[in-house]
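Novice: First the structure, which I've put down as structure tokens, then a few questions once you've had a look.
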Amino acid sequence: MVPVLGRLPVNVISSVLTNILRSQKLKRISSVGQELCGADSVDVMNSSGSEGPGEDASVEFVYCRGVVTELLKYGPKDLHTASKGPNSPKTLILVIPGNPGVVGFYKTYMWTLYQKFLQRYPVWAVSHAGHCMPPESFDMIEDASVTEKEDVFGLDGQIEHKLAFLRKHVPQGTNLLLIGHSIGCYIILEMMKRDPELKVVKAVMLFPTIERMACSPQGKVMTPVLCRLRYAFYLPIFLLSLLPERLKVGIVHLAMRNLYALDNSIIPATVSLINVDCAANGMYMGSQEMRLVVERDNATIHQHLSKIIFYYGATDHWCPVKYCHDIRKDFPEGDIRLCERGIRHAFVLDAGEEMAKMTAEWISDDLRTL
């Protein structure tokens, strides 16, 4: 079965597995997922957050480059409409996530940023293509032939996906304050290189995986898993996805029981990953990261050095301290920081608020000048 799945578009894997299970007369366990009602089968669907940092949030599902994409927004929901008003926002703080690229992981971080600046600046996040579980009114993709041809789920496709999102949803000339996490930092560097017309005021790179990913301690472990063994995980993930929602939430809590200060707002985002299409897309993108993120793009960094802040973790197994020391040697005049607070690479798990407060301090001067 593994070779067959390897040749299939990831969006049909779950259908294949469903047919296999049905042929073996296995009963599907009912799933009690959150239902999204009242949405037509169109390009956009809105819903509002309801608890904690989600109170002021707007969640939208749109098609971008033909793939369902989740947007999390604090502040104005439509910048094109808002730009016509008397107090139109001229600046957007945009978060580009790591992998998995689920925007729900960044709720606390984004909400804290939004509040720190007294709700003056919209704070948005855009998911990676195909990393979010679409509502019932959406298919994962609009046109499978186009998606396959353009490899939207791959690393290069995800970069173009973010540029396409900006072209469609953000007015030209908007001041952009880009915040990348992990592979999101690599994506931001590529966006700045590919579209020099982007009006980037600042780029904050949190735990940046921008070089030698496969050579990092975590990369050495994950490269064979992502590049050769990922298909073996599809069936177990699919079987887990059939469990009732309450049981999936319990499994997530059990898996994270050792986190002392777990941010409960990430639980729904984590549960959403128990979906074979989302997991397959994330692992496929990860396999390309291991192969393609090799040399640091010194030319782009040098060109935009005054706009970039790098923040490395002291115990980060994806971008070890050596990488921080190396980039400091190459760019001694750069703003390159090493964490002194013991924050983990996946800071969204338990340090989203702390990380947001630090970020707000770093970018406050830049925002005052706009």
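Novice: Pick out which of Pro86, Pro236, Pro134 has the largest mean-square fluctuation in a Gaussian network model of the chain, springs linking Cα atoms closer than 10 Å.
Specialist: Of Pro86, Pro236, Pro134, the Gaussian network model singles out Pro86 as fluctuating most.
Novice: Can you tell me how much longer the chain between Lys77 and Tyr231 gets when fully stretched, taken as 0.36 nm per residue apart minus their C-alpha distance, in nm with one decimal?
Specialist: 51.6 nm
Novice: What is the extension gain from Ser306 to Leu370, computed as 0.36 nm multiplied by their sequence separation minus the C-alpha to C-alpha distance, in nm to one decimal?
Specialist: 21.4 nm
Novice: I want to make sure I understand the PRE zone here: with the label point 7 angstrom from the Cα of Ala314 toward its beta carbon, which residues in the range 181-217 have backbone N atoms less than 19 Å away?
Specialist: 206-208
Novice: Turning to a different aspect of this structure: With a 1.4 Å probe and every protein chain left in place, work out the accessible area per residue of the range 146-263 in Å², rounded to a whole number.
Specialist: Ligands and nucleic acids excluded, the result is 45 Å² per residue.
Novice: Based on the Cα gyration tensor of the range 82-240, what are the three equivalent ellipsoid semi-axes, each the root of five times an eigenvalue, rounded to whole Å and given largest first?
Specialist: 29, 19, 17
Novice: Antiparallel versus total DSSP beta bridges in the chain: what percent is that, nearest 5?
Specialist: 45
Novice: Apply the membrane-span-like helix rule to the chain: whole DSSP H runs, Cα extent along the own long axis of at least 18 Å, mean Kyte-Doolittle hydropathy at least -1.0. List the helices found.
Specialist: 155-169, 276-292, 352-368
Novice: Using Cα pairs under 8 angstrom and six or more residues apart, how large is the relative contact order of the chain, in percent?
Specialist: In percent, rounded to a whole number, it is 20.
Novice: Expressed in nm to one decimal, what extension gain is obtained for the pair Asp143 and Asn264 from 0.36 nm per residue of sequence separation less their Cα-Cα distance?
Specialist: Taking 0.36 nm per residue and subtracting the Cα distance, the gain is 40.0 nm.
Novice: Where is the GNM fluctuation largest for the chain (alpha-carbon springs, 10 angstrom cutoff): Glu148, Glu70, Glu340?
Specialist: Looking only at Glu148, Glu70, Glu340, the biggest GNM fluctuation is shown by Glu340.
Novice: Roughly how many nanometres apart are two label points built 7 Å out from the Cα toward the Cβ at Arg194 and Cys215?
Specialist: 2.5
Novice: Run the dipole for the range 130-221 about the Cα centre, Lys and Arg Cβ at +1, Asp and Glu Cβ at -1, nothing else charged, and hand back the magnitude in debye, nearest 20.
Specialist: Dipole of the range 130-221, to the nearest 20 debye: 600 debye.
Novice: Tell me, what is a quarter of the convex hull surface for the C-alpha atoms of the range 212-343, in nm² with one decimal?
Specialist: Quarter of the Cα hull surface area: 9.8 nm².
Novice: Obtain the radius of gyration and the Kirkwood radius of the range 71-166 from its C-alpha atoms and give Rg over Rh.
Specialist: Here Rg/Rh amounts to 1.02.
Novice: If you take the Cα atoms of the range 168-216, find Rg, then find the Kirkwood Rh from the mean of 1/r over all pairs, what is Rg/Rh?
Specialist: Answer for the range 168-216: 1.04.
Novice: While we're looking at this one, here's another question. Project the alpha carbons of the chain onto their principal axes and report the range along each, largest first, in whole Å.
Specialist: 64, 49, 44
The values are calculated or read from the model by the stated rules, or taken from the named source; none is laboratory data. Just so it is clear, the structure is predicted and the values come from calculations on it, not from any experiment. As a convention, Cβ positions derive from the backbone with ideal geometry for all residues, glycine included, and neighbour counts pool all protein chains shown. Note: accessible area is taken over every heavy atom of the protein model, side chains too, but ligands, DNA and RNA are not part of it. Shrake-Rupley method; radii C 1.70, N 1.55, O 1.52, S 1.80 Å.
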